[in-house]
């Protein structure tokens, strides 16, 4: 049973424009959400996170928005750069979890 | 460099072979994980070790056998695998508390072993 879903397998955006990645979850107990970035032949690396007490967290060009009532979060990358081309995974955990539940990933391609 | 090292990076094996994947973390973490990533699918948790004790076996077939001799090392022993087991196997670690992720905790991943079963 997939509790974290990324329904867009790929996204293509022009350099300098905004990239918006979406993620939906079904488990209402999730209270911590993360985005990981993965380049080919490398493991995922942590990008940004948000806890359920917030609805927005910003780190440089990256902003994560959380809508708890809709069980939806999104990652905004502004402006997009060629080095942002990667696979982005959404992940979530609940208060008693010792693991993260991941989505299937969205492949972002930033065009020059 | 994430502080989590996996070897080998690539592995090709036949269905009758026995091989092992190795993971080592240099972060002083207490929990280690094996995840499987198949193409276009979510990362799938296989095993969790917390303070060297296995706390989860996520319905993984017995042809995968984990071993955690200490909190810095984790192995995944493979035998009689099937072609559908071909995937990227990722090791991760976290600080972890007594069986649960702490608030705002994250996992640190190795680069993975790309496994092909012929």
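All of the numbers you see were taken from the coordinates with simple rules; none came from a lab. Everything numeric in this text was worked out from a predicted model, so none of it was measured. As a convention, Cβ positions derive from the backbone with ideal geometry for all residues, glycine included, and neighbour counts pool all protein chains shown.
For A:77, A:18, what ranking results if the residue with the fewest other Cβ atoms within 10 Å of its Cβ goes first? Please report the intermediate quantities before stating the final value.
Values: A:77 24, A:18 13.
By the 10 Å Cβ count, ascending, the order reads A:18, A:77.
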**Report entry** Candidates A:12, A:51, A:85: whichever shows maximal mean-square fluctuation once chain A is modelled as a Gaussian network with Cα springs under 10 Å
**Finding:** A:12
Requested in this report: Using a 10 angstrom cutoff on alpha carbons, build the Gaussian network for chain B and name the most mobile of B:92, B:31, B:39.
Outcome: B:39
Requested in this report: Please report how far the C-alpha centroid of the range A:76-112 lies from that of the range B:63-86, rounded to the nearest whole angstrom.
Outcome: 27 Å
Query raised in the report: Computed over the Cα atoms of the protein assembly as shown, what is the ratio Rg over Rh, Rh following Kirkwood?
Result: 0.97
**Report entry** For chain A, Kirkwood radius (reciprocal of mean inverse C-alpha pair distance, Å)
**Finding:** 14.0 Å
Report summary line: In nanometres, the difference between 0.36 nm per residue of separation and the alpha-carbon distance of residue A:54 and residue A:76 is 6.3 nm
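Once Rh for the range B:1-65 is found with the Kirkwood sum over Cα pairs, what is the Stokes-Einstein diffusion coefficient at 10 °C and 1.306 mPa s, in µm²/s?
116 µm²/s
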Query raised in the report: Got the relative contact order for chain A handy, in percent, Cα pairs under 8 Å and 6 or more residues apart?
Result: 37 percent
Query raised in the report: Among B:65, B:93, A:10, which comes first, second and so on when ranked by fewest other beta-carbon atoms within 10 Å?
Result: A:10, B:65, B:93
Query - Cβ-based exposure ranking for A:38, A:5, in which fewest neighbours within 10 Å come first - result: A:5, A:38
Query raised in the report: Name the residues of the range A:36-67 whose amide N is less than 18 Å from a point 7 angstrom out from the Cα of residue A:7 along the C-beta direction?
Result: A:65-67
Query raised in the report: What is the range B:1-111's relative contact order, in percent, from Cα pairs under 8 angstrom and six or more apart in sequence?
Result: 34 percent
Query raised in the report: Using Cα pairs under 8 angstrom and six or more residues apart, how large is the relative contact order of the range B:15-71, in percent?
Result: 27 percent
Query - Percent of beta bridges antiparallel (DSSP, the protein assembly as shown, rounded to nearest 5) - result: 90 percent
Report summary line: GNM of chain B, Cα pairs under 10 angstrom: of B:41, B:22, B:106, the biggest fluctuation goes to B:41
Query raised in the report: Where in the range A:72-112 does the label zone of residue B:38 land, with the point 7 angstrom along Cα→C-beta and an amide N cut-off under 14 Å?
Result: A:104
